[in-house]
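Below is one structure, written out as structure tokens, with a few remarks after it.
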Amino acid sequence: MFTGIIKGIGHVVAIQRQAETAKLTISSPLFTEINPQLGDSFAINGICLTATGVADKQLSVEVMPETTRLTNLGQLKTGELVNLEPALGATARLDGHFVLGHVDTTAELVQRVEDQNATVLTFKIAPEYDDYIVKKGSIAIDGVSLTVTQAGPGQFSVSLIPYTQNQTTLGSRQVGDLVNIETDVLGKYIVGAQRKEAVQ
């Protein structure tokens with residue numbers, strides 16, 4: 001379980017690919033601070049992955065084909081930055097919203113607009129996810145917990161405060177970039193229940 005509150009930024013220092021699988025090695029001062037152990041869960045760009053190797057300031061994870069197909073990790077390159085969040089402790093404060101690290105799909109950034117101290121990002125997403133994205137609802141973008149400011153057929157917008165721009169990778173995202181999307185888990189159950197009732 002995660003919250004979408006990013007705790008650090010990591011650098012991808014190595015990628016070993018084989019077909020649709022990969023091994024990623026990421027470096028970050030965060031790993032020195034929290035001392036991760038083998039088997040620990042981390043959200044990397046919003047994807048829940050398991051630590052399979054740990055070293056000084058570095059952590060390695062294995063990526064399976066399903067993850068490659070549904071996320072932007074297939075496009076990740078050595079040297080790129082990623083958002084990092086360790087799993088939520090049972091006694092930790094819950095900020096953000098409930099994030100599982102189970103990415104639904106990717107969305108394409110189609111517009112960046114400056115609005116005084118904020119940056120408004122608009123994304124294009126497959127229409128099949130429209131029912132899960134609502135205005136003022138929660139969404140996780142590359143692991144960052146955000147509030148949907150506008151929602152319409154096949155697209156939605158969020159607004160970034162300066163802190164979010166500086167402390168996550170979203171501030172440097174450009175038009176055309178693909179981001180990982182996890183819709184609100186509560187919305188999934190509600191929509192799922194409604195669809196079951198409609199079929200009955």
Looking at (1) farther than 15 Å from Thr105 by Cβ; (2) at pLDDT below 95; (3) buried (at least 17 other Cβ atoms within 10 Å of the Cβ), can you tell me which one Gln200 breaks?
(3)
Within segment 36-52, does at least one residue satisfy the condition of being of a type in the set (A, V, I, L, M, F, W, C), exposed (fewer than 13 other Cβ atoms within 10 Å of the Cβ) and in contact with a Ser or Thr (Cβ under 8 Å, 6 or more places away or on another chain)?
yes
Could you list all residues from segment 134-168 that are in a loop (DSSP other than H, G, I, E, B) and on the phi < 0 side of the Ramachandran plot?
Val134, Lys135, Gly137, Pro153, Ile161, Thr168
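If the requirement is being within 27 Å of Ala107 (Cβ to Cβ) and among the small types (Gly, Ala, Ser), which of these qualifies: Gly10, Gly53?
Numbers: Gly53 fails: within 27 Å of Ala107 (Cβ to Cβ).
Of the residues listed, the single one that is within 27 Å of Ala107 (Cβ to Cβ) and among the small types (Gly, Ala, Ser) is Gly10.
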Would you mind stating whether Ala14 is modelled with pLDDT of 95 or more, touching a Phe, Trp or Tyr at 6+ places or on another chain (Cβ under 7 Å) and closer than 20 Å to Leu76 by Cα?
no
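Please enumerate the residues belonging to segment 1-33 that are β-branched (Val, Ile, Thr) and within 15 Å of Gly53 (Cα to Cα). Walk me through how you get there before you give the answer.
So the first thing to find is which residues in segment 1-33 are β-branched (Val, Ile, Thr), and the list is 3, 5-6, 9, 12-13, 15, 21, 25-26, 32.
Across segment 1-33, the qualifying residues are Val12, Val13, Ile15, Thr25, Ile26, Thr32.
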If a residue has to be within 16 Å of Asn83 (Cα to Cα) and crowded, with 16+ Cβ neighbours inside 10 Å to count, how many in segment 22-33 make the cut?
7
Pull out all pairs, ordered by first then second residue, where Cβ-Cβ is under 8 Å, the residues are six or more apart or on different chains, the first lies in segment 62-85 and is touching a residue at least 24 places away in the same chain (Cβ under 8 Å) and surrounded by fewer than 16 Cβ atoms within 10 Å (Cβ to Cβ), and the second is assigned to a loop (DSSP other than H, G, I, E, B) and among the small types (Gly, Ala, Ser).
Pro65/Ala19
Only one of these conditions is not met by Ser60: (1) among the small types (Gly, Ala, Ser); (2) more than 20 Å from the chain's Cα centre (by Cα); (3) on the phi < 0 side of the Ramachandran plot. Which number is it?
(2)
Could you give every pair whose Cβ atoms fall below 7 Å, whose first residue belongs to segment 102-128 and is over 20 Å from Glu66 (Cα atoms) and in the same structural domain as Ile141 (by TED's automatic domain parsing), and whose second residue is among the basic types (Lys, Arg) and assigned to a strand (DSSP E or B), counting only separations of at least 6 or pairs across chains?
Val110/Lys124; Thr119/Arg112; Leu121/Arg112
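The values are calculated or read from the model by the stated rules, or taken from the named source; none is laboratory data. All values derive from a computational prediction rather than experimental measurement. Positions of Cβ are backbone-derived with ideal geometry, glycine not excepted, and every protein chain shown enters the neighbour counts.
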